[in-house]
1. What is the one condition in (1) over 14 Å from Val100 (Cα atoms); (2) surrounded by fewer than 16 Cβ atoms within 10 Å (Cβ to Cβ) that Gln86 does not satisfy?
2. Output the residues belonging to the stretch 35-63 that are more than 17 Å from the chain's Cα centre (by Cα) and assigned to a strand (DSSP E or B).
3. Among what's in the stretch 64-78 and is outside any strand (DSSP E or B) and charged (D, E, K, R), pick the residue that is nearest to Leu47 (Cα to Cα).
4. Filter the stretch 32-53 down to residues that are aliphatic (A, V, I, L, M) and farther than 16 Å from Ser78 by Cβ, then give me how many there are.
Amino acid sequence: MNHEVESKGGIRAAVKKMFGFGSAKGMTLYVGNLRYSRDEKGIKFLLSKYGKVKTVKLVIDYRTKKSKGFAFVEMGTSKGGREAIQKLDGTEIDGRTLKVSEAISQDEKDQKVRPPKNRDAYKKRVSRKGREEKRAVKSATSPKQI
């Protein structure tokens, strides 16, 4: 075990530092509606006009290994992040209108509770699933006819 890590705040602090989570000064941006051929260098170049870019995490589809068209960018300062949002959100780049906003952390996203849009459809889906499970159990336990 690395004793240096433990003395400076434990494993959680080391993980936060390693992956850049919980930065006090910086701001993480969501950059969406990107052209699929746009790479991390291009995104970094685009946002570097507004401040220091710490990291760019382009989201890739694990099956096709191609870009999904959005990225998360960690800016060095909040001021640079706010300026990038103000200047780039809604601008057209590569023939597409960019969507730039402050990224929502997974914790904040999980706290939002959304009711089902159509409660009746939800009830039908749940009851249908229950009926299918009962049929499967019934057919597994019933004697087979020859």
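1. (1)
2. Selection gives Val53, Lys54.
3. Checked the stretch 64-78; the qualifying residue nearest to Leu47 (Cα to Cα) is Lys66.
4. 3
Yes/no per residue for (1) modelled with pLDDT of 85 or more; (2) over 18 Å from Glu102 (Cβ atoms):
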position: Glu6; (1), (2): no, yes
position: Ile11; (1), (2): no, yes
position: Ala14; (1), (2): no, yes
position: Glu40; (1), (2): yes, yes
position: Phe45; (1), (2): yes, yes
position: Lys52; (1), (2): yes, no
position: Lys65; (1), (2): yes, yes
position: Gly69; (1), (2): yes, yes
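The values are calculated or read from the model by the stated rules, or taken from the named source; none is laboratory data. The shown structure was predicted, so the numbers you read here are calculated from the model rather than taken from an experiment. Every residue, glycine among them, receives a Cβ derived from its backbone with ideal geometry; neighbour counts consider all protein chains shown.
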